[in-house]
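Before any comments, here is the structure.
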Amino acid sequence: MSATASADLLRLLAAIAESPSSAHADYARALGLAAPATAADWQVAHTMAFIEQCPPFASTMLGEGGQIGGAAAARVADFRALLGAEVETAPPDVLPALLADYAELVERAASDARAAHARAAMLWEHLLSWVMPYLDAVNRSAPAPYDGWATLMRDVLLAETQAVAPPDLLPLQLRMAPPALDLAHAESVDAAVRALLVPAASGIVLTRVDLTRAVIALEAGLIQNSRAFALGQLVTQDAPATLDWLAAEARDQAIARMAEIESLGVVGQFWADRAHATAEALDDLARVASARRVSSGAH
Amino acid sequence: MKPKNWIAALNARVSAFKSETESQGKTFYPGASRIDLASFPPKEHWDDWIALEPVAGTGKRQEKHYMLVPTTCFNCESACGLLAYVDRETLEVRKFEGNPEHAGSRGRNCAKGPATINQVTDPDRILYPLKRAGARGEGQWTRVSWDEVLDTLAERIRKAIVEKRHREIMYHVGRPGEDGFTEDILKAWGVDGHNSHTNICSSSGRAGIQYWMGYDRPSNDFANAEVILLTSSHLEAGHYFNPHAQRIMEAKKRGARLIVVDVRMSNTSTHADHWVSPYPGSEPAIFLAVARHLIEMKRYNREFVRRWWNWHEYMTAERPDEPATFEAFEKVLGELYADYTFEYAAAESQVPVAQIEAVAETIAGAGTKLCTQNWRSAAAGNLGGWQVSRTLFLLNALLGAIGVEGSTYPNGWTKFVGKRPINAGHPEHWNDLTFPLEYPLGMNEMSFLLPHFLKEGRGTLDTYFTRVYNPVWTNPGGFDWVEMLSDESKIGLHAALTPTWNETAYFADFVLPMGHSSERHDLVSTETHNENWVTFRQPVARAARERLGETITDTREVNPGEVWEENEFWLELTWRIDPDGSLGIRQHVESMSTPGERLSLDEYYGWIFDHSIPGLPDKAEAEGVTPLAYMRRYGNVSIGAVGEALYENEIPPEQLEDEHVDPHGRVYTRAAAPPQVNGAPTPNPEPDAEGRRPAGVAIDGTVRAGFPTPSGRLEFYSSTLAQWGWPEVALPTYIKSHIHRDKLAADQMPLIPTFRLPTQIHTRGANAKWLSELAHNNPVWIHPQDAEHKGIADGQRIRVETELGFFVAEAWVTQGIRPGVVACSHHMGRWQFTGSTDHHQRTMETTLAHDGGHWSLRPVEHKQPLAPQSGPDAKRVWWTAVGVHQNLTFGVHPDPVSGQHCWHQAVRVRPAEPGDVPGQIHVDLEKSDAVYREWLAMTRPADRVSPDGTRRPGWLLRPLKPTAEACKLPDSVSS
């Protein structure tokens, strides 16, 4: 069996995702990550990574509306409470806290069978059930050092799958996930856009940076607003091109997820299937939109 | 491609980093932050914490280096932790945030904590000692030196002591904010001069609890409760708001049920599962109906009641014809409360039967995890209000929900007060200006009656200190206070020790500037939850400079202007009262390490931290610092969780020498009492006839610690009340309030004037601009039905007529108050009168006039109450109202048992007359005198009822305990 991360390595990965302190430069040095030059740069990088681009909550990836809180967060809270964690005072499903708990379990698992069992549950139920597409998004969208942090986290967690085998059954968090997208029957463009932004339903993550890439690719106007509004405006400006771009993006993310199936088993399959289905649905919508444009004579 | 062993290599690097970090004394991993992505600054970085701050007008940010210094909030009594951000360049405090090392507040604060910075930077604050220049109350001042102040005061006090006029020295305290220092000073002087504000605050809340379990206030384990029952929300909206609210919310998240009994919709009641809005004063009827339900349905904790209630004493004393068995008592218990049906309670309270029944069922399901609380409000509002807390605690006593997880604890367990180096004996004098014969059971000093006592010639005061207290504004009948303070024949010298200007300070001879929470030393502990902790208030600039290597010996060196702190002031004053030691006073404040020099605060607190706080020396040693340095660095130390059911502790045989057991199981001994580590206020039940001390109580053959009550048990039956003239209320019962419907005229309604706002400070909020912006007016709450009936519209000016006169306010028509009741909040209506040389923010400018006994206060109409001041804030003040000072129009209502002022008023409400302006007051002081006499007539004085020739039951708590000789009734009345 290959080596896995020590508890302290996991703790450091957790600590660096917390609000920057003067110790962060040392954390980065220890982890071999590029460190921003000043405290201000650290703050900017952290804000961009975790507030503007990729909120680090399980519920935003697994929840019904893609927002913080709700049943997905409650499942995390219940599990962490069973472990004895203090979950009353904060969103319970924030990634650094989950990593901290997981590090604790890693440390205790060697001599405690119950901790070993809990470690497996925490890893598959509350971390790997969502972090791979999430870390992929951080890697695409966050500045240094958080892009490198995401890659490192990804590699560390994939190594964990060698020590703790994937479950046969899909984790409860994914069994309780919202149903796959049904874009063809969406009530409106707005509804379709909102559905796309629910990762557990669409299988994909679209960050603000992703949308900026779309704007550049489509040579469209950039509207600074919520992702849903911005995406809706793109569709309104040029539906066929936008839907084509989104389909391609979904396909890229599906390919990335498929590459993880060997390590993640049913979990990887879930995300790959959802992303693939979304890509196909977007392809269909793009074709319909193009046909409408041709029939209407619009350019 | 990654190297084969990359994780192993990374693990090794992290391990090396951990070793390196820890070798520097730093924390490798501070733990996951508990509040989302934010975390408190790790304590190892408190010497140099870097924060980003905007650079004005540039859109850029710059690094700012701070030293983080802990202190303790002074803006209510809960003593939450603050962390001062001291600019390392200027050593000025830039802001206050929460101290994560504080066990009670855990890094969180309410609005009042951060607003400390407003008080510190208040442009109108008093920076130098002032002496009045004209007549008292004229508002003319000259700056004087501290030396002149100290010498003047010391000479007067010394003279009074030498001439045996000890009673003429009085210290009147509002916000104590410390545990015992000033009481020790008064003991050193040998004067019984402590006068607290407690009888206008919490006396009745305390009395109901003390007659049950000896300790005089509850402590709550809210976080672990199953059912939380709050009688009005005062505590959770005023004092203790932050530490209690956070634990109540934890319990709610766990699924605990919250019941709030409050006439008006408070912030707390909006979170309740049951909001019960009763007619004010009827709360005991509801609690007794719940008690009846528990008794009738046999859902009480029978074994707990059998073991811990003093039912045997009750049966013997009051039911001599019946067998003194528990079974017979149970039968009697059912009979005693048979009339308190749900229907009866509903008729009294005007709360639906179904709601009372639902509440009773919820409480019945709590088991021992019922956590109840009552502080001011209902207890403080009503005649007999002390039975609100006594009947509330009956529910705990029935369920055995006392001192166990999730229940109500005695505060003496969860508050920690260490021994102190100033340790004089008890005064040899009894001050009957504070504890007069008429109120032998008064829980605390009858402070609010002082003007009436002086007016009728009971005495005079030579030297009177008001200390962080504003009786003119806070007490009922403020014009009586103005009259008294203006009369130099009644009060020889009045020194106002205050951090802010206030209505009382205008009538002082000396106004002495004292520090805010970041400018003074105090040691405090409060009962926030099931844990003992001690917190240290300190002048943060002093602590910061000391970290940088300076030596500071006097806080004035670092405070703004000549702002001092009280502890150094009291030490220096004491030193000067007895310069040669001939009075035996000086020795109490003499340095232990350097005889001949005055005790310094470093030595004082160093001694306490070295000797009196369990575990602190070890924690300090682990960090390689002294206990004093540890407290200066972290500000708070936890002594640990409190054990459960301490009353069950067995008393070892060696502590039972020459044991004597009375017929009810009270055990006395001649063995010396074991040393007490915790000096939190605890009653001392009296010895037996042979002088043995009470050691415990015999229960089923075992001697257990029990409670500090005369019987050693929970006192369902109070022999104290029975023997001191009040047998008819010796059991938990319902006393109909002075504002009971039966006592009001058809056009009168009750006014609730007691409630507080979570964002305000009693009388110091006007100087906190952020708090003023949050809350700055106190309109009269009136239900739409009543408003329509009286022809009053929302926002309309109204007159509220009280016993003494009237006040003019604005109406707030809201369903947040029950029909038939009006309410007006505390805090507002701050004023100054025309002619003052100072103009202060957020007060109304008024004319104060009187014609004989007719006094009036009228805002100056052409001046905005919040006239813009200079500086950038002037443009930001968007509000104009400052409310009304309603207390001026209230007569004094001392409860004849507890002594508590009963705040609720019977009023008439009608539209204002032409020319009336909000804030306007009119009072007839002759009526004030009549009201005083009417309530005084209800008393049963000690010279008539004392069973043992003393002035007051010796076991009841008292800040200072005069000697046994001084406690005897004076010869003039006892013969």
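The values are calculated or read from the model by the stated rules, or taken from the named source; none is laboratory data. The model shown is predicted, which means the values in this text are computed figures rather than measured ones. Counting neighbours? That spans all protein chains shown, and the Cβs are built from the backbone with ideal geometry, glycine included. Protein only, heavy atoms only, side chains kept; ligands, DNA and RNA dropped before computing areas. Shrake-Rupley method; radii C 1.70, N 1.55, O 1.52, S 1.80 Å.
Data for the structure
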{"item": "The range B:925-954 residues that are in contact (Cβ under 8 Å) with a residue 40 or more places away in the chain, paired with ones that are part of a loop (DSSP other than H, G, I, E, B) and open to solvent by 70 Å² or more (accessible area, probe 1.4 Å) (beta carbon under 7 Å, 6 or more apart)", "result": "B:G954/B:E686"}
{"item": "Search result, residues across the range A:239-255 that are open to solvent by 30 Å² or more (accessible area, probe 1.4 Å) and within 24 Å of A:A159 (Cβ to Cβ)", "result": "A:I255"}
{"item": "Candidates A:D41, A:D26 - the one that is more than 19 Å from A:S141 (Cα to Cα) and more than 20 Å from the chain's Cα centre (by Cα)", "result": "A:D26"}
{"item": "Any hit, the range B:551-563, residues being more than 25 Å from B:L449 (Cα to Cα), buried (at least 24 other Cβ atoms within 10 Å of the Cβ) and either modelled with pLDDT under 95 or of a type outside the set (S, T, Y) (or both)", "result": "yes"}
{"item": "Any hit, the range B:583-594, residues being touching a helix residue (DSSP H, G or I) at 6+ places or on another chain (Cβ under 6 Å) and of a type in the set (D, E)", "result": "no"}
{"item": "Selection count where residues are in contact (Cβ under 8 Å) with a residue 60 or more places away in the chain and charged (D, E, K, R), scope the range B:304-337", "result": "3"}
{"item": "Output for the range B:592-607, where each listed residue is hydroxyl-bearing (S, T, Y) and either part of a helix (DSSP H, G or I) or open to solvent by less than 10 Å² (accessible area, probe 1.4 Å) (or both)", "result": "B:Y604, B:Y605"}
{"item": "Among (1) more than 9 Å from every other protein chain (Cβ to nearest Cβ); (2) in contact with a Leu (Cβ under 6 Å, 6 or more places away or on another chain); (3) over 27 Å from A:G203 (Cβ atoms), the one test that A:G66 misses", "result": "(3)"}
{"item": "Residues within the range B:3-17 that are more than 7 Å from every other protein chain (Cβ to nearest Cβ) and part of a loop (DSSP other than H, G, I, E, B), tallied", "result": "2"}
{"item": "Residue in the range B:46-69 that is in contact with a strand residue (DSSP E or B) (Cβ under 6 Å, 6 or more places away or on another chain) and away from every other protein chain (no Cβ under 14 Å) present", "result": "yes"}
{"item": "Which numbered condition A:A113 misses (of (1) within 14 Å of another protein chain (Cβ to nearest Cβ); (2) surrounded by fewer than 18 Cβ atoms within 10 Å (Cβ to Cβ); (3) small (G, A, S))", "result": "(1)"}
{"item": "Cβ-Cβ under 8 Å pairs, at least 6 apart or on other chains, the range B:20-33 side free of Cβ contacts under 8 Å to residues at least 24 places away in the same chain and at the interface with chain A (Cβ under 8 Å from one of its Cβ atoms), far side outside any loop (DSSP other than H, G, I, E, B) and of a type in the set (S, T, Y)", "result": "B:F28/B:T21"}
{"item": "Helices (runs of 4 or more DSSP H) contained entirely in the range B:364-417, each with at least 3 residues that are closer than 15 Å to B:G205 by Cβ", "result": "B:378-381, B:386-399"}
{"item": "Any strands (runs of 3 or more DSSP E) falling wholly within the range B:227-321 and containing at least 1 residues that are open to solvent by 20 Å² or more (accessible area, probe 1.4 Å)", "result": "B:257-261, B:274-276"}
{"item": "Unmet requirement for B:Q841, which otherwise passes all of (1) modelled with pLDDT of 85 or more; (2) part of a loop (DSSP other than H, G, I, E, B); (3) under 21 Å from B:T504 (Cα atoms)", "result": "(1)"}
{"item": "Those residues of the range A:1-53 which are of a type in the set (K, R) and either in contact (Cβ under 8 Å) with a residue 24 or more places away in the chain or more than 9 Å from chain B (Cβ to nearest Cβ) (or both), in sequence order", "result": "A:R11"}
{"item": "Whichever residue in the range B:271-289 is touching a Leu at 6+ places or on another chain (Cβ under 6 Å) and in contact (Cβ under 8 Å) with a residue 60 or more places away in the chain and, among such residues, is nearest to B:M249 (Cα to Cα)", "result": "B:D273"}
{"item": "Hits in the range B:912-927 - residues which are open to solvent by 40 Å² or more (accessible area, probe 1.4 Å) and farther than 22 Å from B:G891 by Cβ", "result": "B:E913, B:P914, B:G915, B:P918"}
